[in-house]
Amino acid sequence: MQHFPCPWCGNRAEVEFRYAGDAGVQRPTRTADDAAWAQYVHFRRNAKGAAKELWVHSGGCGRWFALSRDTVTHTITGSEPVA
Amino acid sequence: MNAAKMRYSGWALLREGLAGQTGWSPAWHDRDPAPRYDVVIIGGGGHGLATAYYLARTHGITNVAVLEKGWIGGGNTGRNTTIIRSNYFYPESAALYDLSVRLYEGLSRELNYNIMFSQRGMIEVAHSEAELEMMCRGANAMRINGVDIEILDRDEVLRLAPLLNGDLNCRWPVLGGMIQRRAGVARHDAVAWGYARAADSRGVHIIQNCEVTGFEIERGRVVAIETSRGRIAADRFGMAVAGHSSVLAGMAGFALPLQSYTLQAMVSEPVKPCLEVVVASSSHGAYVSQSDKGELVMGGNLDRCPSYAQRGNFPVTQSVVSSLVEMFPSFATLKLMRQWGGIVDTSPDNSPILGPSPVEGLYLNCGWGTGGFKAIPAGGTLFAHILATGRHHPISAPFDLARFASGATIDEAHAGVAH
């Protein structure tokens with residue numbers, strides 16, 4: 001079982017966490033066209049290697065954070081609160 | 001009769017048995033790349049090889065190369081749990097997947113290669129009254145779509161799969177189910193090799209250990225690709241690379257609505273025949289069939305986070321095995337023999353993406369997610385049509401990339417446990 005570092009609770013078992021998408025996706029403005037909205041809603045970087053992801057500690061403190069994780073090796077290099 | 005068709009005759013088996021198996025010739029040629037082709041297909045899995053075959057057979061386009069970065073059929077084609085079915089909710093999906101089942105039904109004869117398609121039937125088990133009602137709704141839709149689905153009562157399910165837990169007081173009691181009798185399993189390696197041999201005999205080049213490293217794009221059009229074995233030019237390029245579709249799209253300068261996950265599978269030690277049908281349960285999140293060798297072939301849901309590691313995380317292995325033991329208590333005595341993973345490209349609506357890419361001359365066959373194997377003959381037929389004509393086939397048109405901006409998605413999220 002891999003351990004993930006929650007910025008508030010420390011290292012906890014991976015099953016306590018839930019993946020919630022790419023970190024840093026920018027919501028378009030209200031006047032943006034369909035293509036821009038499609039990019040925001042559906043299109044993903046889907047990085048092979050270093051990725052920055054949003055996670056929620058759903059089985060713990062319930063807070064959200066950004067996890068830096070390698071999608072090939074599953075190595076975790078950082079974890080920080082998100083605003 | 002040509003030599004390829006004689007290759008595995010009864011007479012040839014007898015002759016080679018007496019001659020010490022020394023006279024066999026390779027089923028297909030391992031080619032070196034030529035500088036230019038009419039069509040280059042990136043990805044030597046089932047979809048890529050089938051596409052090459054149908055380009056040659058249906059459209060007469062034989063100056064075709066299939067590029068594979070490893071060995072053919074070594075990705076998801078050789079890693080899946082080989083289930084073939086067409087029990088989908090929407091008419092667009094039923095048209096696509098039922099075309100595939102029909103093509104699979106004639107494939108051993110068409111390729112003269114035994115793919116061992118065993119239409120043993122697949123049961124989805126319902127564990128609550130509410131689930132049974134939703135299952136009836138789905139089954140009605142599928143029947144309207146022309147797919148052979150029947151609702152089964154509890155006794156019929158337990159008669160077809162007698163080792164299922166029949167206790168009405170367990171966590172997920174068996175209350176009924178639905179069956180597609182034309183569904184079943186096939187030999188995955190044979191599908192890859194059958195298409196490879198048939199494509200090769202029509203002049204297609206199968207090129208292994210050839211990884212694409214870049215696209216040469218002039219005025220918005222792909223003119224050539226850079227590979228680990230040199231530059232290759234072509235009029236049209238098709239990509240059928242499953243879990244690595246986003247990586248390839250990134251090289252060509254665009255993004256796709258895909259997320260790559262590990263889907264794992266595992267087998268038990270082999271035992272005597274004990275399970276005649278494929279059994280799946282959405283409540284448990286697991287499914288199982290028995291292979292010809294006697295192993296129980298098991299799978300479940302996707303891993304919990306995006307991944308390009310072809311192995312799988314332990315929590316999902318544990319969940320699949322514990323679900324199977326709850327469904328079939330007698331399986332608890334078996335040892336788990338092997339476990340593995342493949343990288344699947346999941347799309348937002350659980351439907352594939354077929355058609356042109358944002359870059360001219362490059363076409364997409366991706367987004368099959370957890371269900372690509374069952375779709376190989378249809379995916380190959382449709383992708384060959386697109387690459388040969390530059391236009392959609394009526395069955396592929398709804399699966400165009402444009403649906404994500406137009407909103408006309410084909411949401412098969414209910415399709416249940418990943419298989």
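The values are calculated or read from the model by the stated rules, or taken from the named source; none is laboratory data. In this text the structure is predicted, and so the values were computed from the model without any measurement. Please note: Cβ atoms are built from the backbone with ideal geometry, for glycine as well, and neighbour counts cover all protein chains shown. Side chains are part of the model used for accessible areas, which takes the heavy atoms of the whole protein and leaves out ligands, DNA and RNA. Shrake-Rupley method; radii C 1.70, N 1.55, O 1.52, S 1.80 Å.
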- prompt: Excluding same-chain residues fewer than 8 positions from B:Lys69, which lysines have a Cα within less than 17 Å of its Cα?
  reply: A:Lys48
Area of B:Ser319 that stays accessible when all protein chains are in place (1.4 Å probe, Å², to 10): 50 Å²
field: Projected label distance in nm at A:Arg18 and A:Asp33, using a 7 Å step from Cα toward the beta-carbon
entry: 3.6 nm
field: For q = 0.20 Å⁻¹, Debye-computed log10 I/I(0) when each Cα of segment B:251-339 counts as one equal scatterer
entry: -0.91
query: R0 = 51 Å: FRET efficiency of B:Arg31 with A:Arg63, Cβ-based, nearest 0.05?
result: 0.35
- prompt: Using Cα pairs under 8 angstrom and six or more residues apart, how large is the relative contact order of chain A, in percent?
  reply: 28 percent
statement: From highest to lowest solvent-accessible area (probe 1.4 Å; ligands, DNA and RNA excluded), B:Val40, A:Val72 read A:Val72, B:Val40
task: Just report the Cα centroid separation between segment B:72-97 and segment B:337-408, whole Å.
output: 11 Å
³J(HN,Hα), Karplus 6.51/-1.76/1.60, whole Hz, each residue of segment A:10-19, x for Gly, Pro: x, 6, 9, 4, 4, 5, 7, 10, 10, 6
Residues whose placed amide H lies under 5 Å from that of B:Gln290, excluding near-sequence neighbours: B:Val297
field: For B:Ile123, residues with placed amide H under 5 Å, excluding near neighbours
entry: B:Val278, B:Val279, B:Ala280
- line: The size of the Cβ-based charge dipole (Lys, Arg +1; Asp, Glu -1) of chain B about the Cα centre, to the nearest 20 debye, is 1020 debye
- prompt: Where only protein heavy atoms count, and the probe is 1.4 Å, what is the accessible area per residue for chain B in Å²?
  reply: 39 Å²
query: If r is the Cβ-Cβ distance from B:Ala332 to B:Asp189 and R0 is 41 Å, what FRET efficiency results, to the nearest 0.05?
result: 0.85
query: Given the protein assembly as shown, what whole percent of its Cα pairs are spread farther than 41 Å?
result: 21 percent
message: Test of understanding: what is the full-extension gain from B:Asp411 to B:Ala397, defined as 0.36 nm times their sequence separation minus their Cα-Cα distance?
response: 3.5 nm
- line: Per the Cα gyration tensor, chain B corresponds to an equivalent ellipsoid with semi-axes, largest first in Å, of 36, 26, 20
Assigned charges on the beta-carbon of Lys, Arg, Asp, Glu; segment B:266-387 dipole about Cα centre (debye): 300 debye
task: Find which of B:Phe314, B:Tyr104, A:Gly59 sits farthest along the positive direction of the dipole of the protein assembly as shown, computed with +1 on the beta-carbon of Lys and Arg, -1 on that of Asp and Glu, about the Cα centre.
output: B:Tyr104
task: Using only Cα atoms, tell me the angle between helix B:188-201 and the longest principal axis of chain B; keep it within 0 to 90° and round to the nearest 10.
output: 20 degrees
- request: Run down the aspartates and glutamates and flag those whose C-alpha is under 16 Å from the C-alpha of A:Lys52, throwing out any fewer than 8 positions away in its chain.
  value: A:Asp22, A:Asp70, A:Glu80
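What translational diffusion coefficient, in µm²/s and rounded to a whole number, does the Stokes-Einstein relation yield for segment B:143-274 at 10 °C and a viscosity of 1.306 mPa s, taking the hydrodynamic radius as the Kirkwood radius over Cα pairs? Walk me through the intermediate numbers first.
Working: Rh = 20.5 Å.
Value of D from the Cα-based Kirkwood radius: 77 µm²/s.
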- request: Round to the nearest 0.05 the FRET efficiency obtained for B:Met251 and A:Cys9 when R0 = 35 Å and r is the Cβ-Cβ distance.
  value: 0.35
statement: Across B:308-314, the residue-averaged tally of Cβ atoms belonging to other chains within 10 Å stands at 4
message: Residue by residue through segment B:121-133, what is 3J(HN,Hα) from phi via Karplus (6.51 cos²θ - 1.76 cosθ + 1.60, θ = phi - 60°)? Round to whole Hz and write x for glycine and proline.
response: x, 10, 10, 9, 8, 9, 10, 8, 4, 5, 5, 5, 5
Highest-fluctuation residue, B:Gly371, B:Gly390, B:Gly407 considered, GNM on chain B with Cα pairs under 10 Å: B:Gly407
- line: Charge tally for neighbours of B:Arg182 with beta carbon under 12 Å away, counting Lys, Arg as +1 and Asp, Glu as -1, is +1
